[in-house]
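Heads up, the thing below is written out as structure tokens.
The values are calculated or read from the model by the stated rules, or taken from the named source; none is laboratory data. Remember, predicted model here, so these are calculated numbers, not experimental data. Ideal geometry is used to build each Cβ from the backbone, glycine not excepted, and the neighbour counts take in all protein chains shown.
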Amino acid sequence: MNYQNNRVSDLQIAYIGGGSRGWAWTFMTDLSMEDSLGGTIRLYDIDREAARQNEIIGNHLSERPDAKGRWNYVTSQTLQEALAGADFVVISILPGTFDEMQTDVHLPERLGIYQSVGDTAGPGGIVRALRTIPMFVEIAAAIKACCPDAWVINYTNPMTLCVKTLYHVFPKIKAFGCCHEVFGTQKVLKGICQETFGLRDIDRRDIHVNVLGINHFTWFDQASYKGIDLFPVYRDFIERNFENGYDEPDKNWANSTFNCAHRVKFDLFNRFGLIAAAGDRHLAEFMPGDEYLKDPETVKDWKFGLTTVAWRKEDLKNRLEKSARLVKGEEEMELTPSGEEGILLIKALCGLDRVISNVNIPNTYLQIPNLPPTAVVETNAVFGRDSIKPLIAGELPEKVLSLVMPHVENHEYVLKAALECDRKLVYKAFLNDPLVRGRADDEEVKKLADDMISGTLIYLPEGWRR
């Protein structure tokens with residue numbers, strides 16, 4: 001890398017995926033507003049036309065006079081071509097299509113098993129992982145061959161199993177998973193702090209937290225703002241507002257598929273004493289199925305929503321239409337910071353800054369001492385020049401540990417099942433999942449697993465057809 005005047009101008013970044021446009025556009029926009037980085041973005045997607053359109057959009061964005069970052073976007077014909085000599089690799093793929101996700105999310109409803117997201121835990125997360133893991137095996141092997149020293153940033157779900165697969169295939173890989181769910185809970189704390197003390201314009205990053213847990217099931221056991229312990233503040237707010245929840249400015253859970261009133265968080269705090277640090281849609285899926293996701297009426301009572309695949313398909317249609325307008329120059333991308341930290345982390349790894357952020361990596365240093373070293377955990381880490389140094393988060397309290405452990409166990413079962421095409425391990429994971437446990441008899445659950453595997457068979461290795 002060429003450093004001049006606190007700037008790197010020749011970075012080589014491989015962007016794998018992005019055909020659905022969402023994360024790719026976020027990444028492009030944030031890069032265009034950062035004046036200390038520049039270079040080449042090599043785009044690779046199995047949908048070649050999608051990559052080509054992103055090339056046009058990215059280059060137009062970079063050429064705009066109000067863009068600070070200068071990047072050359074090129075479409076690569078093969079995965080290996082995109083990866084060759086890369087300094088950074090960004091993975092943001094949709095494993096399969098929304099037709100497969102339709103099976104993931106909605107088929108379990110026949111047994112009364114409801115899923116608010118369906119991409120991380122529960123039957124949907126397990127089956128999504130079965131088709132995602134072989135893809136990540138291929139990507140990890142290609143990284144090992146083409147750019148073994150590259151830093152690899154994963155945005156794909158199920159996050160934990162994606163990162164776990166990368167390290168299983170290539171133990172020396174320099175990979176980590178980025179997730180913004182923790183930021184959302186910091187924003188909730190920021191809003192409560194502003195409301196309680198009559199403050200304005202608190203920076204979310206000034207809400208200092210200790211993060212511990214696994215992706216989408218993270219927790220804070222410490223939270224403060226400029227010396228103020230926010231746990232008593234949070235507790236008092238919940239006592240006054242438990243029934244109504246917390247309404248974020250400009251957001252309404254009732255007319256949004258993603259927003260919530262944070263009542264699940266509030267309830268988990270009352271029950272377990274830690275601040276649950278993800279969106280309620282995700283948190284609910286890690287808990288027993290007779291609690292927050294018992295049925296659609298219960299979901300509504302807790303003031304969050306079930307994100308249907310029909311909504312996702314309509315959203316994709318809208319994004320594809322927007323892509324066509326951007327390619328034709330009929331619409332311009334707004335240069336508005338996303339609030340994501342991926343670009344900040346790249347800057348830090350280049351040695352231009354030093355950042356503390358939450359990250360998903362193996363528990364090798366026992367960041368959470370009472371979880372296995374083989375687990376992929378989410379904790380804070382210090383990002384500096386060519387290094388990530390995880391911070392010791394401490395142990396999970398026993399009651400929270402008992403909630404997390406079934407999912408840690410399932411990560412082991414599902415990785416092995418995907419690598420060996422082992423249905424018995426899939427059954428074991430289904431029956432061990434809190435959403436499923438007790439909702440139907442074992443034979444019904446196994447039949448559901450078989451039908452869900454059949455629904456995604458086109459994306460699975462040949463061994464699943466035996």
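Here are the numbers for this structure:
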quantity: The stretch 224-237 residues that are within 12 Å of N270 (Cβ to Cβ) and not assigned by TED's automatic domain parsing to the domain that holds F197, paired with ones that are of a type in the set (A, V, I, L, M) and buried (at least 18 other Cβ atoms within 10 Å of the Cβ) (beta carbon under 8 Å, 6 or more apart); calculated: none
quantity: So G394, is it touching a helix residue (DSSP H, G or I) at 6+ places or on another chain (Cβ under 7 Å), surrounded by fewer than 21 Cβ atoms within 10 Å (Cβ to Cβ) and over 14 Å from I153 (Cβ atoms); calculated: no
quantity: Test: residue in the stretch 85-105 that is surrounded by 20 or more Cβ atoms within 10 Å (Cβ to Cβ), hydroxyl-bearing (S, T, Y) and not assigned by TED's automatic domain parsing to the domain that holds L344; calculated: yes
quantity: Selection within the stretch 155-206 - part of a helix (DSSP H, G or I) and of a type in the set (G, A, S); calculated: G184, G191
quantity: L415 surrounded by 15 or more Cβ atoms within 10 Å (Cβ to Cβ), touching a His at 6+ places or on another chain (Cβ under 8 Å) and closer than 16 Å to R128 by Cβ; calculated: yes
quantity: Residues of the stretch 264-308 classified as surrounded by 19 or more Cβ atoms within 10 Å (Cβ to Cβ) and either touching a residue at least 60 places away in the same chain (Cβ under 8 Å) or within 24 Å of V211 (Cα to Cα) (or both), total; calculated: 28
quantity: Yes/no for T336 being polar (S, T, N, Q), modelled with pLDDT under 95 and within 25 Å of A277 (Cβ to Cβ); calculated: yes
quantity: From F136, F183, residue being crowded, with 23+ Cβ neighbours inside 10 Å and under 25 Å from T26 (Cβ atoms); calculated: F136
